[in-house]
Amino acid sequence: MGEARKHLHYVPRSIKEQMWILKQLFPGQVNQAPSGLQLKLALAFSNMSILESVALEGVFVVPRWERIASSYAKATEKVLDLLKKTRHLRNCRDGKILNYLKRNKDTEKLIGKIIEKNGMSDFDVVVIPAQTGILYQGKSFYQAKEKFLPDEFGLGIFEVACILLTHPERLCEENHLRILCADDYSVSPKGGKCNHIMYFGIQDGLLQCGRKSKDFASGLYGLASGIAY
């Protein structure tokens, strides 16, 4: 975990800090963590040997998209709009997210497992042990997926965008590792699946959101993933 943090030029914030930021960004939609959440999570993670055996960067607090909007695509659009205001986002898919973005069912299922198993059903957030690319640096979507652990899942554009909101230092220079957002997918205007996934990177000093082929591989990019615990 230490090496991952070193190469990614940042240190993940505490759960308390992330909750405070999210509460400011989503007033009335994201509330402070209920009493006892910190202790509950600390106990859960202390028993997770997985945190020591893989290059997870830390624990991230992400709003549940259902608390943000009526659909996953609309919730994602709202988060991207916030990134435009706080990070000067250049979104090459601007205006098309709502039409083409679809949610991977496996990711939804495993995030649901975290919520149910850890008693988070009434929470506005889900807490995810995750990494934002270092573990699968240089690998394509397919190459990374082949190495996923049984309860590992790809972080979608919504989760990654939320992490960038709470950790603006994660992608602020062009030499920082760019993030492939696994497991969301776009649909063509004719209804067929496109062989693309979304990504975040820095270009010309600006945060950029675009898409790449699932076959694309480069040492400048890494696939983001989380673990259901």
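Every number in this text was worked out from the coordinates using simple rules, so none of it is lab data. Since the structure is predicted, the reported quantities are computational estimates derived from the model, not experimental observations. Please note: Cβ atoms are built from the backbone with ideal geometry, for glycine as well, and neighbour counts cover all protein chains shown.
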Which residues qualify? For Q208, with a placed amide H closer than 5 Å and at least 5 residues away or on another chain, they are R90, G201, I202, Q203
If you take the beta carbon distance between E146 and E116 as r and set R0 to 22 Å, what does 1/(1 + (r/R0)^6) give as a FRET efficiency, to the nearest 0.05? 0.20
Short version: ³J(HN,Hα) in whole Hz for each residue of the range 70-83, in order, from phi by Karplus 6.51 cos²θ - 1.76 cosθ + 1.60 (θ = phi - 60°), x for Gly and Pro, what are they? 7, 9, 4, 4, 5, 5, 5, 4, 5, 5, 5, 5, 5, 5
Given a Förster distance of 30 Å, report the FRET efficiency between Q203 and A69 from their Cβ-Cβ distance, rounded to the nearest 0.05. 0.60
How much length would be gained if the chain were fully extended between T86 and K16, taking 0.36 nm per residue of separation minus their Cα-Cα distance, in nm to one decimal? 23.2 nm
Which FRET efficiency, nearest 0.05, do H9 and E108 yield, Cβ-Cβ r, R0 25 Å? 0.25
For the cross-link pairs K109/K147; K145/K212; K109/K145; K23/K102; K105/K147, which exceed 23 Å when the distance is taken from alpha carbon to alpha carbon? K23/K102
